[in-house]
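Before any comments, here is the structure.
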Amino acid sequence: MPRSPTFDRDAKIEQAMQLFWEKGYEATSVQDLVDHLELNRSSLYNAFGGKHELYLEALDRYRQEDIEWLRGQLRGAPTAVDGIRQAFVAVAERATESCCGCFTTNAAVECAPRDGSTQERARESFKEMRSLFRAAVERAQEAGAIDASRDAKALGCHLTNAYNGIHLTAKTDPPNEVVQDIVEATLQGITCATSDSPTAHRPGSPDPD
């Protein structure tokens, strides 16, 4: 019967999450995990089963934290449109501060095409994101900030795609204004922007002709 681990399992999953997030699955070796987590191989295998199993646990940890973070951004603003803007501005800042991108998006690109367990997790995360954005759009429509005739489900899909696309763009280390342009164009595309709307003109950009 295997002995119970003598270390903080949650803390090790958090450390593994950071390592897989920074390096990716293929570039992270078992020895990298042993060194980073300060565990011997037998302890790692006994506690987590192996590299792939630990990767999935780390991905699950990230997914949970990321969805809760997005929910907080969308719900923590005075209006639904402010929440959408806040989520995009915050993720743009977070993405440009680090070239690691989004762990879930990285997993979808690197591992999902050949690993059903990763694919299912990425699919579920994107589904949750679409649901959160759709709910935000519906609240904005009720408030008159987004045209009520527009398809809230389709806009939720569009916002999710743009939101994840920011992470991919940021991995190429573009000028900050490129990411900001994506944010502004996305917001203008869903709202009833007017000349005095905060989404109609970004501070610091040239005045329109």
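Laboratory data are not the source of any read-out in this text; all were calculated from the coordinates shown. This structure is a prediction, so every number in the text was calculated from the model and none was measured. Virtual Cβ from ideal backbone geometry, glycine too; neighbours counted across all protein chains shown.
Let me confirm the definition first: pairs of Lys residues in the chain, 8 or more apart or on different chains, C-alpha distance under 14 Å. How many are there? Write out the running numbers ahead of the final one.
Working: Lys12/Lys51; Lys23/Lys51; Lys23/Lys171; Lys127/Lys153.
Going through the chain pair by pair, I get 4.
Name the residue from Tyr45, Ala143, Gly76 whose Cα lies farthest towards the positive end of the charge dipole of the chain, charges +1 on Cβ of Lys and Arg and -1 on Cβ of Asp and Glu.
It is Tyr45, whose Cα lies furthest towards the positive end.
Which three numbers, in whole Å and largest first, are the semi-axes of the equivalent ellipsoid of the chain derived from its Cα gyration tensor as √(5λ)? Let's see the in-between values first.
On the way: eigenvalues 295, 64, 38 Å².
Taking √(5λ) for each Cα gyration eigenvalue gives 38, 18, 14 Å.
In debye to the nearest 20, how big a dipole does the chain give about its Cα centre with +1 on each Lys and Arg Cβ and -1 on each Asp and Glu Cβ?
Numbers: 23 positive and 33 negative charges, 139 e Å.
Magnitude of the dipole: close to 660 debye.
With loop defined by DSSP as not H, G, I, E or B, and exposure as at most 15 other Cβ atoms within 10 Å, which is the longest segment of the chain clear of exposed trypsin sites (Lys or Arg not before Pro)?
Numbers: sites that count: Arg3, Arg114, Arg150.
Here the longest segment lacking exposed loop sites spans 4-113.
What is the local net charge at Asp10, summed over the other residues whose Cβ is closer than 13 Å to its Cβ (Lys, Arg +1; Asp, Glu -1)?
Details: positive: Arg9, Lys12, Arg61; negative: Asp8, Glu14, Glu57, Asp60, Glu65.
Counting the neighbours of Asp10, the net charge comes to -2.
Counting only Cα, what are the radius of gyration and maximum Cα-Cα distance Dmax of region 50-113, in Å?
Final numbers for Rg and Dmax: 14.0, 45 Å.
Considering every pair of different Cα atoms, what Kirkwood radius, in Å, is found for region 99-151?
Details: mean 1/r = 0.0781 Å⁻¹.
Final number for the Kirkwood radius of region 99-151 is 12.8 Å.
Would you mind working out the magnitude of the charge dipole of region 137-178 relative to its Cα centre, with +1 at each Lys and Arg C-beta and -1 at each Asp and Glu C-beta, to the nearest 20 Debye?
Details: 4 positive and 6 negative charges, 25 e Å.
Result for region 137-178 is approximately 120 debye, rounded to the nearest 20.
Using DSSP to call loops (not H, G, I, E or B), can you name the GluC sites (Glu not before Pro) in region 37-100 whose Cβ has at most 11 other Cβ atoms within 10 angstrom?
Values: sites: Glu38, Glu53, Glu57, Glu65, Glu68, Glu93, Glu97; in loops: Glu38.
Taking region 37-100 and a limit of 11 other Cβ atoms within 10 Å, the loop GluC sites (Glu not before Pro) found are Glu38.
Above 22 angstrom, tally the Cα pairs of region 71-181 and express them as a % of all pairs, no decimals.
The share of Cα pairs beyond 22 Å in region 71-181 comes to 37 percent.
To the nearest 0.05, what FRET efficiency results for Asp82 and Lys23 with a Förster distance of 35 Å applied to their C-beta separation?
On the way: r = 36 Å, r/R0 = 1.03.
For R0 = 35 Å, the calculated efficiency reads 0.45.
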